[in-house]
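Below is one structure, written out as structure tokens; comments come after it.
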Amino acid sequence: MIPFRLTLQSGIPVHEQVAFAAKKAIISGRIGPGEPFPSVRTLSTAVKIHFNTAQKVIAQLQQEGLLEVRPGIGTVVAQRRPSGRAERGRLLARDVEALTVEAIKLGVGLEELQELVAGQWRELRRGKEREKS
């Protein structure tokens, strides 16, 4: 059993989809710090993906600081590290640029984009609050 939902879509690399679904579950609080994360074998079986793809997903999440391996315990969700404004800006720059380009391409104005981001922000935070109660 995996602690997140996933519907694979064609045209997007599978490892990116699985990593994003896991990241969303971690960020929204569905999986909390210290909680176990599925092993490579469990992940590959549950999602019906190749073992190497599952391994790539877990390695990516570890590299991003979302998972950590604890000897004798296994892979768990990492504690969030505090980061400064400059580091957060650097880490988000590519994604913000891609979102901005896509929004302009679709004719979305800044105000509409801000409303869309705010709505998504509220949705993810609401999920986190539900998990706490």
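Since every read-out is calculated from the coordinates, none of them should be taken as a lab result. Note that this is a predicted model, so its numbers are computed, not measured. All Cβ positions, even for glycine, are placed from backbone atoms using ideal geometry, and neighbour counts span all protein chains on display.
So here's what we get for this one:
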item: Lysine pairs with alpha-carbon atoms under 24 Å apart, the chain, spacing 8 or more or separate chains; result: 9
item: Whole-number D in µm² s⁻¹ for the stretch 13-67, Kirkwood Cα-pair radius fed into Stokes-Einstein, 37 °C, 0.692 mPa s; result: 295 µm²/s
item: Contour excess over end-to-end distance, with Cα ends at Ala59 and Glu97 and 0.36 nm allotted per residue; result: 11.2 nm
item: Alpha-carbon Rg with Dmax, taken over the stretch 2-133, Å; result: 16.3, 52
item: Sequence-distant residues sharing a close amide H with Leu67 (under 5 Å, placed H); result: Gln62, Ala78
item: Unit charges at the beta carbon, dipole of the stretch 38-133: most positive-side option, Leu92, Gln55, Ala103; result: Gln55
item: Cα gyration tensor, the stretch 59-133 - rounded (a/c under 1.5), prolate or oblate; result: prolate
item: Candidates Arg81, Arg90, Arg122, ranked by Gaussian network fluctuation over the chain, Cα under 10 Å, top entry; result: Arg90
item: Charged-residue dipole, Cβ positions (Lys, Arg, Asp, Glu), the chain about Cα centre, Debye nearest 20; result: 460 debye
item: Between 0 and 90°, nearest 10: helix 85-105 axis offset from the chain longest Cα axis; result: 60 degrees
item: Glu68/Ile12 FRET efficiency (R0 22 Å; Cβ-Cβ; nearest 0.05); result: 0.25
item: Long-range HN-HN contacts of Thr75 with modeled amide H, under 5 Å; result: Phe37, Arg70
item: Extended-chain gain in nm, criterion 0.36 nm per residue less alpha-carbon gap, Arg90 and Thr45; result: 12.7 nm
